[in-house]
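**Student:** Take this structure, written in structure tokens, and hold onto it; I'll ask about it next.
Every number in this text was worked out from the coordinates using simple rules, so none of it is lab data. Given the structure is predicted, the values throughout are model-derived calculations rather than measurements. With ideal geometry, Cβ positions are generated from the backbone for all residues, glycine too; neighbour counts draw on all protein chains shown.
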Amino acid sequence: MNRREFLSLSALGGAASLALVAEPGPAAATAVPTSASIVIVGAGAAGTALANRLARRLDGAKITIIDPRREHLYQPGLTLVATGLKPASYVVSDTARWLPDGVTWLPERVAAVDAEAKTVSTQGGQTLSYDWLVLAPGLVLDNEAIEGFSLDLVGQNGIGALYAGPEYAARTWSAASAFTREGGVGIFTRPATEMKCAGAPLKHTFLVDDIARRAGNAGKVEMIYAAPQEALFSVPIVSEKVRMLLEDRRIGTQMQRTLTAIDPGARRATFATGNGTEEIDYDYIHVIQPQRAPDFVRQSGLSWADKWVDQGWVEVDRQTLRHLRYPDVFALGDVAGVPKGKTAASVKWQVPVVEDHLVAAIAGGEGTATYDGYTSCPMITRIGRAMLVEFDYNNDLVPSFPGVIAPLEELWISWLMKEVALKATYNAMLRGRA
Ligand SMILES: Cc1cc2nc3c(=O)[nH]c(=O)nc-3n(C[C@H](O)[C@H](O)[C@H](O)COP(=O)(O)OP(=O)(O)OC[C@H]3O[C@@H](n4cnc5c(N)ncnc54)[C@H](O)[C@@H]3O)c2cc1C
């Protein structure tokens, strides 16, 4: 470690521990007395963080969180599992472990929301009335949108799909590691829809390339990054940096290519190109499925009608995350229909905004907090190096450690942010402390 990196780490350690222990906010505030009934759908990153904060801010509220999943998934770790750097267990914990006293967990799947009647129904047949509803069910992966693809194929015939969860991320590593040893053509895809952690397709590309190089097999692999978008990244200056990195490492790019089908036996991928279709033979393909709001959201009438119509994100104000037609409804996290976000880092900044508006409304006032679109991507470029890219709705870079962590440099400290600090901060966020 050089001196600069050491100083950086000290600064980071200070900042991280501040985030972990020194935020008195919700705990110190006087709890607002209320008998309001609040239903939170989804006990993932967003729902759990909000439940913890509301439990401290409200006295007497009936808070119910609904989620059938007994295992909480730390999804930012999936990229590391899919390249053999962490075991699948690294991303799994018990849902119950993160939920506070005073909040009722209903382990069922929500089937419908009736925003006029102010009710939520579960697949198990229960109907709950609410005064306030927070939608935080994340998103679903549309496996069927890619002809020939199904989850049982992952790990075989050179197919990876790390977004599908820890088991599939581990299977992705089986297929990817065979590719780094044996070589051939590797295709790394991205969907045309909005997606969570839009940097992850590039992270997987860079890491697989790095692992092949470290094994002395750079000459054996042909790497192709194939994406539907015109640009490599939504922020132009980051896009240019990524272009230079890919070029340096001789990773080819095929832009405006949307994966539509795979033939697993022939190892052939079909892409829509805008002018027709194109087929590319592969030895390894990383599939990232198109991503959409869960069906119950899309059927609830709460989605945008004129934007993202094929995806169904919830129609909320982009600064307050409050529904534009139903003011007693908020959306948080991946399901929120805002132009940026879909990262845990965004969730960290969104949750206090919803907390502020919800508690203020319950107390008979108006909240003032706003979400500026902050999102962050620790873009891993090789093992031990990453770029900590942080930006907002305006695509302005908003570094958390200006002068310490340069966003467009491949740094060891940024790698540590992803590999070590991010999980600790994420866990503190779940507890409503960061
Ligand atoms: C591969 C990958 C890498 C990532 N890397 C990063 C990163 O480096 N940095 C970063 O900040 N973010 C990263 N993310 C994104 C981050 O994990 C998500 O943005 C974050 O988890 C979103 O939180 P959420 O609460 O909206 O959704 P989730 O955390 O997905 O939680 C949604 C919850 O809702 C539940 N649910 C779904 N449907 C229903 C229903 N019908 N009824 C009841 N409950 C339901 C689910 O069971 C789940 O528990 C990554 C994600 C992936 C997949």
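**Student:** Kindly give the semi-axes, whole Å and largest first, of the ellipsoid equivalent to the range 326-409, taking each as the square root of 5 times a Cα gyration tensor eigenvalue. Each step should come with its number before you reach the end.
**Tutor:** On the way: eigenvalues 186, 34, 20 Å².
Taking √(5λ) for each eigenvalue gives 31, 13, 10 Å, largest first.
**Student:** Tell me which residues come under 5 Å, amide H to amide H, from His72 once H is placed; ignore anything under 5 positions away on its chain.
**Tutor:** Those qualifying (amide H under 5 Å, at least 5 residues apart or on another chain) are Ser93, Asp94, Thr95.
**Student:** Mean separation of Cα pairs under 8 Å and 6+ residues apart, divided by the residue count of the range 143-290: what relative contact order is that in percent?
**Tutor:** The normalised contact order for the range 143-290 reaches 33 percent.
**Student:** Going by how many other beta carbons lie within 10 Å of each one, how would you line up Asp310, Asp317, Asp67, fewest first?
**Tutor:** Values: Asp310 11, Asp317 17, Asp67 24.
In increasing order of surrounding Cβ atoms, one gets Asp310, Asp317, Asp67.
**Student:** Let me ask something else about it. Run down the lysines and flag those whose C-alpha is under 25 Å from the C-alpha of Lys118, throwing out any fewer than 8 positions away in its chain.
**Tutor:** Straight-distance partners of Lys118: Lys62, Lys307.
**Student:** Same structure, new question: Sum -39500 (n - 2.57) across every DSSP H segment of at least 4 residues in the chain, then divide by the residue count to get the 222 nm mean residue ellipticity, nearest 500.
**Tutor:** Details: 12 runs with 126 residues, N = 434.
Mean residue ellipticity at 222 nm (helix-derived): -8500 deg cm²/dmol.
**Student:** Could you put Leu358, Leu54, Leu153, Leu397 in order, starting from the residue whose Cβ has the fewest other Cβ atoms within 10 Å? The partial results should precede the final answer.
**Tutor:** Numbers: Leu358 25, Leu54 30, Leu153 18, Leu397 15.
By the 10 Å Cβ count, ascending: Leu397, Leu153, Leu358, Leu54.
**Student:** Quick check on the range 143-290: what are the equivalent-ellipsoid semi-axes from the Cα gyration tensor, as sqrt(5λ), descending, whole Å?
**Tutor:** In descending order, the three semi-axes are 20, 19, 15 Å.
**Student:** Tell me which GluC sites (Glu not before Pro) from the range 40-133 have a DSSP coil assignment and no more than 13 other beta carbons within 10 Å of their own. Don't jump to the answer; show the numbers that get you there.
**Tutor:** Details: sites: Glu71, Glu108, Glu116; in loops: Glu108, Glu116.
Those satisfying the criteria are Glu116.
**Student:** Could you list the GluC sites (Glu not before Pro) in the range 199-256 that lie in coil according to DSSP, counting only those with at most 16 other Cβ atoms within 10 Å of their Cβ?
**Tutor:** Numbers: sites: Glu222, Glu230, Glu240, Glu247; in loops: Glu230.
Listed in order of number, the matching sites are Glu230.
**Student:** Please compute the contact order of the chain in relative form: average sequence separation of alpha-carbon pairs under 8 Å and at least six residues apart, divided by the residue count, as a percent.
**Tutor:** On the way: 943 pairs, mean separation 76.6, N = 434.
Reported as a whole number, the value is 18 percent.
**Student:** Taking neighbour counts of Cβ atoms within 10 Å as a proxy for exposure, in what order, fewest first, do Met244, Met379 appear?
**Tutor:** Values: Met244 11, Met379 25.
Fewest-to-most ranking of Met244, Met379: Met244, Met379.
**Student:** Build a GNM of the chain with springs between Cα atoms under 10 Å: which of Gly199, Gly125, Gly384 gets the top mean-square fluctuation?
**Tutor:** The residue with the greatest mean-square fluctuation here is Gly125.
**Student:** Let me ask something else about it. Please list, or write none, the aspartates and glutamates whose alpha carbon is within less than 18 Å of the alpha carbon of Lys203, excluding same-chain residues fewer than 8 places away.
**Tutor:** Glu194, Glu222, Glu240, Glu247, Asp248, Glu390, Glu409, Glu410, Glu419
**Student:** Taking the Cα atoms of the chain, what is the range of coordinates along each of the three principal axes, in descending order and whole Å?
**Tutor:** Cα extents, longest axis first: 67, 52, 37 Å.
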